[in-house]
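Undergrad: Can you read through this structure? Questions will come right after.
The values are calculated or read from the model by the stated rules, or taken from the named source; none is laboratory data. Every value quoted in this text rests on a predicted model; they were computed, and no experiment measured them. Cβ sites come from the backbone with ideal geometry, for glycine too, and all protein chains shown count toward neighbours. Remember, those area values only see protein heavy atoms, side chains included, never the ligands or the DNA or RNA. Shrake-Rupley method; radii C 1.70, N 1.55, O 1.52, S 1.80 Å.
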Amino acid sequence: MSSQVAVASLGGTITMTGSGAVSPTLGAGDLVRGLEVGEIATLATVPGASLTFTTLLEAFDWADEQVSGGAAGVVVVQGTDTLEETAYFFDCLWPHDEPVVVTGAMRHPGLPGADGPANLTAAVAVAAAPNSRGRGALLVLNDEVHAARWVRKTHSSLPNAFESFPGPLGLVVEGSPRYFHPAHRLTALPRPLDAPAVPLIEATVDDDGSILDWLDVGGTVVAATGVGHVSAGMAEAISRARFPVVVATRTGAGTTFRDTYGFVGSESDLIQRGAVMAGWLCPRKARVLLRLALGAMAPIEDVFAVRGGVF
């Protein structure tokens, strides 16, 4: 097998065409014309919002097979709407030193300034670079290289829609990645046997939490206010829940606390009720991690203690 970078497409804006409103039509072969790459595959042709865990596991298995066969790295192209979740999905499972890089486009090919070709070119360069090894899954857009764990989509339409806290891991300069930090990664989780349903619920003002009583799921993530706070009613509902509950902060930055506040619905109260705190993980990534942990039958509290902390 070629030692070049393998490229798979799942669809998304980068593949969309049409005379009016666009939809995904292009395949991997259309996207990589002019690029020196190895194996290519069109694994799906859907918008990012329609991706499933089944499709992502198929993409993971394909990427794993490519690297095991000698590929220098893998690039997965998809819609940006769920790109941050896919990046973290791969990061939790990826067992190789060779990187898996996700990318896409904010402007479809028919628009002036379409960014897909530049993003894909940069992603291939990052995947091929020796200094990208040992970094797990990376997200590349707008010549920025983001760690999967920290990156978030923070704008609906601008080319610089993705940001990381406390900043990007590196930049693509003159066609090569330049990193600001040494490589660091955590041990991969086992590949899940299944993917149980895990809804994401946002806590709001005057929320009694009764929705938790209606759910028949494998677990749930509550996007709580502040450092991990919910109403007294939601706290009681968490106590009644028949499934694991992970609590993340809905704020967009910062970590959940553990023992600063003591009122009903505070972080310390929720921990006493059996909730698991997500730490620095945003609610969407906490949901990905909970699904993977449940599917692999891994100890949830231990998994979040490691992956929700600061490296």
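Undergrad: Return the only residue of Leu294, Leu289 being open to solvent by less than 10 Å² (accessible area, probe 1.4 Å) and closer than 20 Å to Thr86 by Cα.
TA: Leu289
Undergrad: Would you check if there is a residue in segment 279-286 being crowded, with 21+ Cβ neighbours inside 10 Å, part of a helix (DSSP H, G or I) and small (Gly, Ala, Ser)?
TA: yes
Undergrad: Continuing with the same structure: Under 9 Å between Cβ atoms, at least 6 apart or on separate chains: pull out the pairs that start in segment 91-105 with a residue that is farther than 15 Å from Gly12 by Cα and modelled with pLDDT of 95 or more and end on any residue that is among the polar types (S, T, N, Q) and assigned to a loop (DSSP other than H, G, I, E, B).
TA: Partner pairs satisfying both residue conditions: Pro95/Thr187.
Undergrad: With the condition kept exactly as written, say whether any residue in segment 131-142 is surrounded by fewer than 17 Cβ atoms within 10 Å (Cβ to Cβ), free of Cβ contacts under 8 Å to residues at least 60 places away in the same chain and within 26 Å of Thr255 (Cβ to Cβ).
TA: Looking for residues that are surrounded by fewer than 17 Cβ atoms within 10 Å (Cβ to Cβ), free of Cβ contacts under 8 Å to residues at least 60 places away in the same chain and within 26 Å of Thr255 (Cβ to Cβ), one finds at least one in segment 131-142, hence yes.
Undergrad: Would you point out which residue out of Ala122, Ala118, Ala128, Ala114 is out of contact with any Ser or Thr (no Cβ under 7 Å at 6 or more places or on another chain) and crowded, with 24+ Cβ neighbours inside 10 Å? Reasoning before the result, please.
TA: Details: Ala118 fails: crowded, with 24+ Cβ neighbours inside 10 Å; Ala128 fails: crowded, with 24+ Cβ neighbours inside 10 Å; Ala114 fails: crowded, with 24+ Cβ neighbours inside 10 Å.
Checking each option against the conditions leaves just Ala122.
Undergrad: Out of the residues in segment 237-249 that are open to solvent by 40 Å² or more (accessible area, probe 1.4 Å) and touching a residue at least 12 places away in the same chain (Cβ under 8 Å), state the one that is farthest from Arg273 (Cα to Cα). Steps first, answer last, please.
TA: Our first condition is that a residue be open to solvent by 40 Å² or more (accessible area, probe 1.4 Å); within segment 237-249, this holds for 239-240, 242, 244.
Remaining after also requiring touching a residue at least 12 places away in the same chain (Cβ under 8 Å): 239-240, 244.
On the way: Ser239: 5, Arg240: 9, Pro244: 11 Å.
If we take residues in segment 237-249 being open to solvent by 40 Å² or more (accessible area, probe 1.4 Å) and touching a residue at least 12 places away in the same chain (Cβ under 8 Å), then Pro244 is farthest from Arg273 (Cα to Cα).
Undergrad: Continuing with this model, one more query. For segment 242-258, what are the residues that are under 17 Å from Gly219 (Cα atoms) and assigned to a loop (DSSP other than H, G, I, E, B)?
TA: Matches in segment 242-258: Arg242, Phe243, Pro244.
Undergrad: At pLDDT 95 or above, within 19 Å of the chain's Cα centre (by Cα) and within 15 Å of Thr204 (Cβ to Cβ) - does that describe any residue in segment 227-238?
TA: no
Undergrad: Looking only at segment 204-236, count how many residues are open to solvent by 10 Å² or more (accessible area, probe 1.4 Å) and in contact with a Pro (Cβ under 8 Å, 6 or more places away or on another chain).
TA: In the first step, residues of segment 204-236 are kept if they are open to solvent by 10 Å² or more (accessible area, probe 1.4 Å); the result is 204-208, 210-211, 213-218, 225-227, 229-233, 236.
Now drop any that are not in contact with a Pro (Cβ under 8 Å, 6 or more places away or on another chain), which leaves 215, 217-218.
The number of residues fulfilling the criteria is 3.
Undergrad: Oh, and also: Consider Ala87 against the criteria (1) in contact (Cβ under 8 Å) with a residue 24 or more places away in the chain; (2) of a type outside the set (Ser, Thr, Tyr); (3) more than 23 Å from Arg291 (Cα to Cα); (4) open to solvent by less than 60 Å² (accessible area, probe 1.4 Å): it satisfies all of them except one. Which criterion is unmet?
TA: Evaluating Ala87 over (1) in contact (Cβ under 8 Å) with a residue 24 or more places away in the chain; (2) of a type outside the set (Ser, Thr, Tyr); (3) more than 23 Å from Arg291 (Cα to Cα); (4) open to solvent by less than 60 Å² (accessible area, probe 1.4 Å) leaves (3) as the failure.
Undergrad: Among all residue pairs at least 6 apart or on different chains, which show Cβ distances below 8 Å where the first residue, located in segment 178-193, is over 15 Å from Arg149 (Cβ atoms) and touching a residue at least 60 places away in the same chain (Cβ under 8 Å) and the second is open to solvent by 100 Å² or more (accessible area, probe 1.4 Å) and assigned to a loop (DSSP other than H, G, I, E, B)?
TA: From residues that are over 15 Å from Arg149 (Cβ atoms) and touching a residue at least 60 places away in the same chain (Cβ under 8 Å), the pairs are Leu193/Met297.
Undergrad: Answer with yes or no whether Pro190 is touching an Asp or Glu at 6+ places or on another chain (Cβ under 8 Å) and part of a loop (DSSP other than H, G, I, E, B).
TA: When the stated conditions are applied, Pro190 does not pass them.
Undergrad: For segment 1-49, how many residues meet the condition of being among the small types (Gly, Ala, Ser) and open to solvent by 70 Å² or more (accessible area, probe 1.4 Å)?
TA: If we filter segment 1-49 for residues that are among the small types (Gly, Ala, Ser), which is where we start, we get 2-3, 6, 8-9, 11-12, 18-21, 23, 27-29, 34, 38, 41, 44, 48-49.
Now drop any that are not open to solvent by 70 Å² or more (accessible area, probe 1.4 Å), which leaves 3, 19, 21, 34, 49.
Residues in segment 1-49 being among the small types (Gly, Ala, Ser) and open to solvent by 70 Å² or more (accessible area, probe 1.4 Å): 5 in total.
Undergrad: Further question on the same structure: Output the number of the condition that Glu58 fails; it satisfies all remaining conditions of (1) surrounded by 21 or more Cβ atoms within 10 Å (Cβ to Cβ); (2) within 18 Å of the chain's Cα centre (by Cα).
TA: In the conditions (1) surrounded by 21 or more Cβ atoms within 10 Å (Cβ to Cβ); (2) within 18 Å of the chain's Cα centre (by Cα), Glu58 misses (1) alone.
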